[in-house]
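Here is the structure we will look at.
Please treat every number below as a calculation from the coordinates, not as lab data. The structure displayed is predicted, hence computed values, not measured ones. All Cβ positions, even for glycine, are placed from backbone atoms using ideal geometry, and neighbour counts span all protein chains on display.
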Amino acid sequence: MKIRALLLLALTLPGPVLAQDTTAAAAQVAPEPPPPSGLAAAEIARSRRCVPVLAKLDTLNARLKPLADRADHIRMLNEAVLVEDSTRADTLDAADPVDAAVRAWFASDQMLAKQYAESGDSAIEARRAEGRDQIRRRLGEAISAVNASGRELIETAGDLELGTRECQGMMLVRSSVLEACGSADTPLCADAREPEPKGRYGLVDRPEDVWDFESIRPWEQPTPLGSTQAGGLAGAQTAAVAQRGNMMVVLSVEPMIRDRADVGAAEAALLEANLDSLGITHRNAKYLVVPALSVEIEVAEPLGGETHYFLHFGDLSNPGRDVIWTSPAIGHPQQGTIPATKAVLDRLAAGEGVTLTAIRFPDPAQKQAEALYSVELTEVGQALAVSMLLEYLKTDFGADFDALLPAGAD
């Protein structure tokens with residue numbers, strides 16, 4: 001999502017109380033703002049929707065557990081083969097084809113190891129290596145079969161992705177859960193019926209109580225760029241997370257990789273100029289790699305009648321200078337990624353705080369707007385993490401990126 005042209009808006013924000021005693025006011029603690037006006041209705045509706053969703057997830061997890069246990073067992077076998085830990089072979093099930101194959105490999109490998117120790121024949125050592133490769137391929141095939149079975153179960157369960165994001169790990173209103181449960185006997189319903197719920201579900205007595213829960217995850221220090229098991233790229237990023245009630249905001253600074261063939265000349269020139277201003281000299285012939293901001297907002301629906309979300313520095317008294325990113329409040333989890341300008345990165349590296357504010361435009365034709373509620377990201381670790389990432393992007397990132405590209409991709 002691109003920053004909208006809302007830089008000259010005059011936001012209607014709470015102003016100072018005129019003619020007040022500033023000495024006395026300084027000693028007062030500002031009252032906690034009330035929860036968003038639509039929070040209660042939204043959380044009651046969510047709690048009702050989540051009862052059948054979580055029941056399906058519980059059923060799916062119960063069916064997946066044997067496969068997860070099987071996968072863990074196969075990974076244990078692979079580790080035993082890697083370190084040649086034959087003591088684990090004594091506990092293997094001879095009736096299991098995979099276990100039996102591993103036991104047979106251990107017996108054969110120990111015999112070959114003894115022969116090699118006595119003769120030093122390199123051909124014997126080659127046979128050991130070949131046998132190890134064969135058993136590891138067998139284990140790889142076994143784990144692939146388990147994964148395929150798991151995918152089949154997940155596909156059979158239907159599309160649960162949106163429901164999972166909306167319900168799993170969320171705070172729920174107990175009375176609304178019980179209303180939706182009826183006589184159903186599921187783990188969630190059983191927990192909600194307890195006088196003091198002790199299960200894995202977060203239950204509150206009043207919908208407004210959801211807003212009392214707050215958590216943060218400080219900015220994480222970036223690691224060098226690397227590859228994932230699936231063949232993708234990971235690392236070279238830093239992120240912070242803030243949660244208020246069931247609303248979660250994630251802000252990350254990371255490389256944005258685009259094929260140069262998909263970038264117009266004018267846009268490419270702007271991005272290249274931004275790289276120059278940041279002191280980033282690395283260029284790849286095929287890909288344009290620029291620092292970016294990625295924003296995720298986990299929210300099921302607008303909580304206070306908002307029409308937009310603004311990510312910004314400061315208090316929005318100068319939106320033209322301080323707004324980083326905006327998005328319509330579309331009523332479901334949303335994500336956006338934009339190139340990060342030098343001005344924004346410098347302010348992040350200086351430790352300047354970032355806030356997500358819900359905004360309402362009463363009249364779309366007017367520029368007046370009302371700030372409804374905010375979620376603040378922590379500044380803990382921010383200056384160090386962003387500064388470290390920028391330094392890495394200026395120095396070693398380019399060589400790491402080029403080295404990880406598939407042959408012929410550069």
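Can you give the Rg to Rh ratio for the chain, taking only C-alpha atoms and Rh from Kirkwood?
1.07
Count charges around Ser277 for me, please; just the other residues with Cβ under 11 Å from its Cβ, Lys/Arg as +1, Asp/Glu as -1. All intermediate terms of the calculation are to be shown ahead of the outcome.
Details: positive: Lys342; negative: Glu272, Asp276, Asp346.
Neighbour charge sum, excluding Ser277 itself: -2.
Rounded to whole Hz and in sequence order, give me ³J(HN,Hα) for the range 373-380 from the Karplus expression 6.51 cos²θ - 1.76 cosθ + 1.60, θ = phi - 60°, writing x for Gly and Pro.
Couplings: 7, 9, 10, 9, 7, 5, 9, 5 Hz.
Please arrange Phe397, Phe361 by counting, for each residue, the other beta carbons lying within 10 Å of its beta carbon, fewest first. Display every interim value, and only then the final one.
On the way: Phe397 23, Phe361 16.
Ordered by Cβ neighbours within 10 Å, fewest first: Phe361, Phe397.
With viscosity set to 1.567 mPa s at 4 °C, what whole-number translational diffusion coefficient in µm²/s follows for the range 79-153 from Stokes-Einstein and a Kirkwood radius over Cα pairs?
Estimated diffusion coefficient is 96 µm²/s.
Please work out whether the range 129-275 counts as rounded, prolate or oblate from its C-alpha gyration tensor, where a ≥ b ≥ c are the square roots of the eigenvalues and a/c under 1.5 means rounded, while otherwise a/b larger than b/c means prolate and anything else oblate?
The shape class here is oblate.
Express in nm, to one decimal, how much length is gained between Val380 and Arg193 on full extension, taking 0.36 nm for each residue of separation and deducting their alpha carbon distance.
Once the chain is fully extended between Val380 and Arg193, it gains 63.3 nm.
Exceeding 32 Å between C-alpha atoms, which entries from my cross-link table qualify? They are Lys342/Lys367; Lys65/Lys114; Lys286/Lys367; Lys367/Lys394.
Details: Lys342/Lys367 28 Å; Lys65/Lys114 40 Å; Lys286/Lys367 42 Å; Lys367/Lys394 40 Å.
Check vs 32 Å cut-off fails for Lys65/Lys114; Lys286/Lys367; Lys367/Lys394.
I need His332, His312 ordered by Cβ neighbour count within 10 Å, fewest first.
So the residues, fewest neighbours to most, are His332, His312.
Given 5 Å bins starting at zero, what is the percent of C-alpha pairs of the range 214-404 in each, up to the one with the largest pair distance?
1, 7, 15, 18, 18, 16, 12, 7, 3, 1, 0
Neighbour counts of other C-beta atoms within 10 Å: give me Met256, Met247 arranged from fewest to most. It would help to have the intermediate numbers written out before the result.
Numbers: Met256 16, Met247 21.
The most exposed by this proxy come first: Met256, Met247.
Whole-Hz ³J(HN,Hα) for each residue in the range 97-109, computed from phi via Karplus 6.51 cos²θ - 1.76 cosθ + 1.60 with θ = phi - 60°, x for glycine and proline: what do you get?
Values per residue, Gly and Pro as x: x, 5, 4, 5, 5, 5, 4, 5, 5, 4, 4, 5, 5 Hz.
Would you grab the residues whose amide H sits under 5 Å from the one on Glu220? Only those 5+ places off in sequence or on another chain, please, with H modelled 1.01 Å from N.
So Glu220 has HN proximity to Ala239.
Along the range 142-150, what does the Karplus equation 6.51 cos²θ - 1.76 cosθ + 1.60 (θ = phi - 60°) give for ³J(HN,Hα), rounded to whole Hz, x for Gly and Pro?
After applying 6.51 cos²θ - 1.76 cosθ + 1.60, I find 5, 5, 5, 5, 5, 4, 5, 5, x Hz.
Most mobile of Glu208, Glu391, Glu32 per a Gaussian network model of the chain (Cα springs, under 10 Å)?
Glu32
Based on the Cβ-Cβ distance of Ala266 and Glu179, what FRET efficiency does E = 1/(1 + (r/R0)^6) give at R0 = 51 Å, to the nearest 0.05?
About 0.35, to the nearest 0.05.
List the lysines whose Cα sits under 21 Å from the Cα of Lys198, skipping any in the same chain fewer than 8 residues away.
Excluding near neighbours in sequence, the set is Lys56.
Check Val204: other-chain or 5+ apart residues with amide H under 5 Å from its amide H, H built from backbone geometry?
HN-HN under 5 Å from Val204: Leu172, Val173, Arg174.
Multiplying the sequence separation of Thr395 and Ala104 by 0.36 nm and subtracting their Cα-Cα distance, what value in nm do you get?
This chain segment gains 99.7 nm when fully extended.
How far apart, in nm, are two points set 7 Å out from the Cα along the Cα-to-Cβ line at Ser122 and at Ile257?
3.9
Please list, in chain and number order, the residues 5+ apart from Met256 or on another chain whose amide H is under 5 Å from its amide H, with Hs placed from the backbone.
Val290, Ala292
Quick check: pseudo-label points 7 Å beyond the Cα along Cα→Cβ at Ala365 and Arg75, how many nm apart are they?
So the label points at Ala365 and Arg75 sit 6.0 nm apart.
Count the DSSP beta bridges whose two residues both fall in the chain, then state the antiparallel fraction as a percent rounded to the nearest 5.
90
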